[in-house]
Amino acid sequence: MMLDLFGGKRKAILALPEFQNIVSVSKDFKAIVRGMSDEFCIVNVTPKIHLSETYIELEFSAVIENSYLRHYLNKYYDMLYGSRPFAFRYNYATHSSMSEEELQQLQKRAHLAENSIKETYLDTIRQIIFQNDSSHALYEHYKDFGYTDVEDLIYYGFGIPDTYSPSDDEHIPFTRSFSFRTGLSDNDSNGRFKNEYSRKEEMTYYAEILMSQL
């Protein structure tokens, strides 16, 4: 543990604008995740310490209980990655006599249809996730910063399509990670690169203080 007899290092970390930003964003994102669930939901925050002190990664994880959300995540998965009913599929009997231009037009119409259904489901899922006034206000506040981008929440948070498993189970695993600037430096006061032990010790202390604020 880092030696901080008089608490000077702790006070300096707490005063960092970057640290205060991490606390603010993290608390708000925890509220967003809790708001996705129809039942009480515990949001775990896990710091991931890397060798660089410039950034810290935080992983937010929870189990969301929401049957309505599960239904539309299943539909979103099926429409875009499962059965894909609007996708163009070449059929020799039907398409072999068509010109290349005609085939391209069919492919274009199929692509537009998929995009249209995608936007429809994204909008529906957005309304489910940000279902109350406080959640919607956070969505509006953070949408330009990427924290509440619905497509990102679906892809990274719920794992569609890579790790998502369509199911009738209303308990939905959610995991989303973000990297934040810490306000710390990899260099000491003399401009020399800190050794690995010093950096790890300082980052561990930083993470402990951060977790105490969340």
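Miscellaneous remarks
- Lone unmet requirement of (1) farther than 22 Å from residue 64 by Cα; (2) part of a loop (DSSP other than H, G, I, E, B) for residue 162: (1)
- Residue, most open to solvent (accessible area, probe 1.4 Å), within segment 165-178, restricted to residues that are in contact (Cβ under 8 Å) with a residue 40 or more places away in the chain and part of a loop (DSSP other than H, G, I, E, B): 168
- Note on segment 69-119: residues that are basic (Lys, Arg), open to solvent by less than 60 Å² (accessible area, probe 1.4 Å) and touching a helix residue (DSSP H, G or I) at 6+ places or on another chain (Cβ under 8 Å) total 1.
- Subset tally (residues that are among the polar types (S, T, N, Q) and assigned to a helix (DSSP H, G or I)) for segment 179-212: 3
- Test result for residue 51, touching a residue at least 60 places away in the same chain (Cβ under 8 Å) and loosely packed, with under 13 Cβ neighbours inside 10 Å: yes
- The set of residues in segment 122-133 that are open to solvent by less than 30 Å² (accessible area, probe 1.4 Å) and either assigned to a helix (DSSP H, G or I) or under 22 Å from residue 85 (Cβ atoms) (or both) comprises 122, 125, 128, 129.
- Residue pairs whose Cβ atoms lie under 7 Å apart, separated by 6 or more positions or on different chains, with the first residue in segment 135-158 and over 14 Å from residue 76 (Cα atoms) and the second basic (Lys, Arg) and open to solvent by 80 Å² or more (accessible area, probe 1.4 Å), are 149/143.
- The residue pairs whose first member lies in segment 186-208 and is modelled with pLDDT under 85, whose second member is open to solvent by 90 Å² or more (accessible area, probe 1.4 Å), and whose beta carbons are closer than 7 Å, counting only pairs six or more residues apart or on different chains, are 186/193; 187/193; 196/51; 199/51.
- Of residues in segment 141-156 being modelled with pLDDT of 90 or more and charged (D, E, K, R), the one surrounded by the most Cβ atoms within 10 Å (Cβ to Cβ): 149
The values are calculated or read from the model by the stated rules, or taken from the named source; none is laboratory data. What you see is a predicted model; the values in this text were computed from it and never measured. A quick note on method: Cβ atoms are made from the backbone with ideal geometry, for glycine too, and the neighbour counts reach across all protein chains shown. Keep in mind that these areas ignore ligands, DNA and RNA; they rest on the heavy atoms of the full protein, side chains included. Shrake-Rupley method; radii C 1.70, N 1.55, O 1.52, S 1.80 Å.
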